[in-house]
1. Based solely on C-alpha atoms, express the radius of gyration and the Dmax of the stretch 278-320 in angstrom.
2. What does the convex hull of the alpha-carbon atoms of the stretch 315-433 project to on average, in nm²?
3. I'd like to compare 286-292, 247-253, 419-425: which one has the highest average count of other Cβ atoms within 10 Å, and what's the full order after that?
4. How would you order 132-142, 66-76 from highest to lowest mean count of nearby Cβ atoms within 10 Å?
5. Between residue 192 and residue 229, what length comes free when the chain is fully extended (0.36 nm per residue of separation minus the Cα-Cα distance, one decimal in nm)?
6. Using only helices, what value at 222 nm comes out for the chain when you add -39,500 (n - 2.57) per DSSP H run of length 4 or more and divide by the total residues, to the nearest 500 deg cm²/dmol?
7. Please give the FRET efficiency for residue 389 paired with residue 314, using the beta carbon to beta carbon distance and R0 = 30 Å, rounded to the nearest 0.05.
8. List the residues of the stretch 62-98 whose backbone N lies under 12 Å from a point placed 7 Å from the Cα of residue 124 along the Cα-to-Cβ direction.
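What follows draws every value from the coordinates through simple rules; no lab data is involved. All figures in this text were calculated on a predicted structure; none of them were measured in a lab. Every residue, glycine among them, receives a Cβ derived from its backbone with ideal geometry; neighbour counts consider all protein chains shown.
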């Protein structure tokens, strides 16, 4: 594994440095004293290549889902993803990201379309190393791949489920409206942000801004990312949500060798359990089980010389239900079970306390331009699992075609066994323009 690979796990520290990279126009140097060169230049056609600030693609998908009773249902989706990143003035930058998904069957009752405004914000470079951002920002934190305890702004952010691929879940979500300041120096970075309360309830209409899902309470986050060395990158986080106790977070990426990266992610604070939080949110009586809870992930990534990367993670959610409590909930009231599962899905949390993830990616597998991915998620408390496979071929030009297959296994009312489809497959075609 090459040393530069460590930046994949460095979290916001590396992202802040990238934010300072402003487009620089190409300059054509001409020797004014070379008359013959000028003459040839006058006769030759001028070719100008200008990188576009827009990055767009259209994606279509078709397939089928098979339920546990053997009944199959067709799946269709058309998506349009548009992103803009450009300078409005020397020190001002505008970022926009929007995605429109049209699904059959519909994900929302009575409407096939779901529009997600992912980002829309202005960035001002106050001076070298100092930035101020204002608008809707998709703030992503954490070094882990499948479960991120320090990703505090994932709550309510997912409007349209396009893929179970962890990267897709983080990219294709709506950001929160906030003001964010960043100070960067040679030894690290410091970030402070404030996301105010703007609405109280989510808005599931197709083209809604849905501020009640992302900005339903006041939140503050501080991030300190020192640069210890090229081999070790830590990050400390301090998160405060309105009417809740302060949470502490820590991320660590360590390059063990040229081929191995260790990552650790932890978040802890005084809070109710997830089940009590779910009951309290619905105005129901909830036991006062407030205590200090930890959520953490430890993982290892290995990259081989033939472009194969293997990721393994062990995930612990101290706020989730233990094995005994989880079995009791599964065997109890269906309404209580549904209430808890719906809350977990909105929060994008693990329902139980222990899980694992394995992921393999192989770039240029067997032939050039063919990428293969395989991921298995496993709930260690109820022995249910999900297997997801994808083969993606990058066509010459600006197009891709992919075949995806997913299988959910587990007993009734288990983490993955409760999903309506036992398996599904999709043929996906994407064109960039």
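1. Here Rg and the maximum Cα pair distance are 18.6, 56 Å.
2. 8.9
3. Listed from highest to lowest mean packing, they are 247-253, 419-425, 286-292.
4. By packing density, highest mean first, the sequence is 132-142, 66-76.
5. Contour length minus Cα-Cα distance gives 11.0 nm.
6. Working: 7 runs with 57 residues, N = 433.
About -3500 deg cm²/dmol.
7. Numbers: r = 22 Å, r/R0 = 0.74.
Plugging the Cβ-Cβ distance into 1/(1 + (r/R0)^6) gives 0.85.
8. 91-93
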